[in-house]
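Written out below as structure tokens is the structure these notes cover.
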Amino acid sequence: MAAQGPAATATAFEMVDIPGKGNGLVATRNIKAGEQILAETPAFVVTPRECTEAGIAAAVAKLSLSDRDVFYSLALADHLVPLGPHLGRFKNNSMEVYDTAGGVFLVGSRFNHSCAPNVSRRWDTPAAKMRFVASFDIEQGTELEIAYAVLCAPRDQRQQMLQRLFGFKCTCRACTLTGDAQVKSDERRAKTEIIRDLVPKLIARPVKLVELAKQGLALIEEEGIVTGTASFAWDCFQAAAAYGDVESAKAWAVKNLELQEREAGVESSEYKQVSQLQHNPRLHGSWGVAGRVQAVPKP
Ligand SMILES: [Zn+2]
């Protein structure tokens, strides 16, 4: 099926009808890991106060006629219908835009969900854009998928959350694992989440912090997930900065960039910021805050 609406102008993908899933986006050519697939300005954002049926309707009314048509063609799950056609679609399709109740992205909303996504998305505040970046090399004809919700939870929890928020049963490759593979996947994700919570709290014990962060990184990578990896390297960078270990801080900045490339992309403001720190980590606000110098293990 030919692409319609805003997707028609994009070069790396087209919107197609995907059996059992409605519309989705499919790669029209091979895409390299780290390639920015889309950087989209929200059609509108709303404040928490405006996040009502009337508030969303008012925002939609300000859109161009063609954008309005696209908005009304976005998914509206049965359980969200009672909220109204505007608030229901907003809840179904909006994405995180920092310091707002969320934004609507007329193209980005077409990505379907996977618990093992091949595309990462990241809100870039200074650029005021949502960036969608290839997490892996993607072959032409492959569906492009993002994560709508938290990935590092066991399958039952993920499925309940997706059902509650978006009204669908996920049948992604992680959710359809069976037997031992499924048990191991659940274990890796649950452990990663525990480690993720723990790591930033270990700032007083930087050696332990790095050891755990490395474990978290290994687990999430083994699970085939890129989203959320860069934050582990960032925690380690911050520890190295706090303890004034220049060489370790530089090495963790490099590691962060390597991971960030496939999460937020090289064009993101975050990537540019860490690129500076890679050469001069002393620029970071928490440099030396630990009050003593200590060697922090490198990647
Ligand atoms: Zn899934």
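The share of alpha-carbon pairs in region 94-157 lying farther apart than 21 Å comes to 28%.
Which distance in Å, rounded to a whole number, links the C-alpha centroids of region 103-140 and region 231-248? Going from one Cα centre to the other spans 28 Å. Taking Cβ atoms as reference points and 13 Å as the exclusive limit, the residues near L63 contribute a net charge of +1, counting Lys and Arg as +1 and Asp and Glu as -1. Which residue fluctuates most in the GNM of the chain (Cα springs below 10 Å): V119, V246, V104? So, out of V119, V246, V104, the one fluctuating most is V246.
One chain, two ends: K272 and R49. Fully extended at 0.36 nm per residue, the span grows by 76.9 nm beyond their Cα-Cα distance.
Just checking the listed ones, C152, C175, C115: in the Gaussian network model of the chain with Cα springs under 10 Å, the one fluctuating most is C175.
Working ranking of peptides 55-65, 70-80, 255-265 by packing, defined as the average number of other Cβ atoms within 10 Å per residue, highest first, is 255-265, 70-80, 55-65.
Charge dipole of region 5-166 (Cα centre as origin; +1 on each Lys and Arg Cβ, -1 on each Asp and Glu Cβ, all else neutral): 220 debye, rounded to the nearest 20. Dividing the summed helix terms, -39500 (n - 2.57) for each DSSP H run of n ≥ 4, by the number of residues in the chain produces a 222 nm estimate of -12000 deg cm²/dmol to the nearest 500. Kirkwood hydrodynamic radius, computed over distinct alpha-carbon pairs, for region 5-166: how many Å, to one decimal? Mean inverse Cα-Cα distance, inverted, gives 16.3 Å.
The Cβ shell under 11 Å around K298 holds other residues with a net charge of +1, Lys and Arg each +1, Asp and Glu each -1.
Reported value for region 148-217: 87 Å³ per residue, from the convex hull of its C-alpha atoms. Judged by the mean number of other Cβ atoms found within 10 Å, the most tightly packed of the peptides 41-48, 84-91, 19-26 leads the ranking 84-91, 41-48, 19-26. For the pair region 62-89 and region 173-197, the centres of their Cα atoms are 34 angstrom apart. Carbon and sulfur: what percent of region 197-282's accessible surface (1.4 Å probe)? Exposed carbon and sulfur together represent 51 percent of the surface. Placing +1 on the Cβ of every Lys and Arg and -1 on the Cβ of every Asp and Glu, with no other charges, gives region 247-298 a dipole of roughly 300 debye about its Cα centre.
Ranked by the mean number of other Cβ atoms within 10 Å per residue, highest first, peptides 97-103, 132-138 order as 132-138, 97-103.
The lysines within cross-link reach of K184, meaning a Cα-to-Cα straight distance under 20 Å and a gap of 8 or more places when in the same chain, are K214. In the context of the full set of protein chains, the chain has a per residue accessible area of 47 Å² (1.4 Å probe). Scattering from region 179-283 was approximated by placing one identical point on each alpha carbon and applying the Debye formula without solvent; log10 I(q)/I(0) at 0.15, 0.23 1/Å stands at -0.61, -1.19. Here's how it looks for N112: its modeled amide H is under 5 Å from those of L25, I146, which are all 5 or more places away or on a different chain. Under the convention that each Lys and Arg Cβ holds +1 and each Asp and Glu Cβ holds -1, the size of the dipole of the chain around its Cα centre is about 600 debye. Cross-linked pairs K62/K91; K32/K201; K21/K91; K32/K129; K191/K250: Cα-Cα separations exceed 24 Å for K32/K201; K191/K250. Restricting the calculation to alpha carbons of the chain gives Rg and Dmax of 20.4, 62 angstrom. Here's the picture: charge each Lys and Arg Cβ at +1 and each Asp and Glu Cβ at -1 in region 5-166, and of A59, S135, T11 the one pushed furthest to the positive end of that dipole is A59.
Taking amide H positions as modeled 1.01 Å from N, with prolines and chain starts lacking one, the residues under 5 Å from V46 and 5 or more places away or on another chain are A101, G102.
The values are calculated or read from the model by the stated rules, or taken from the named source; none is laboratory data. Note that the structure is a prediction, hence the values are computed from the model and not measured. Ideal geometry is used to build each Cβ from the backbone, glycine not excepted, and the neighbour counts take in all protein chains shown. The area values use the complete protein model at the heavy-atom level, side chains included, leaving out ligands, DNA and RNA. Shrake-Rupley method; radii C 1.70, N 1.55, O 1.52, S 1.80 Å.
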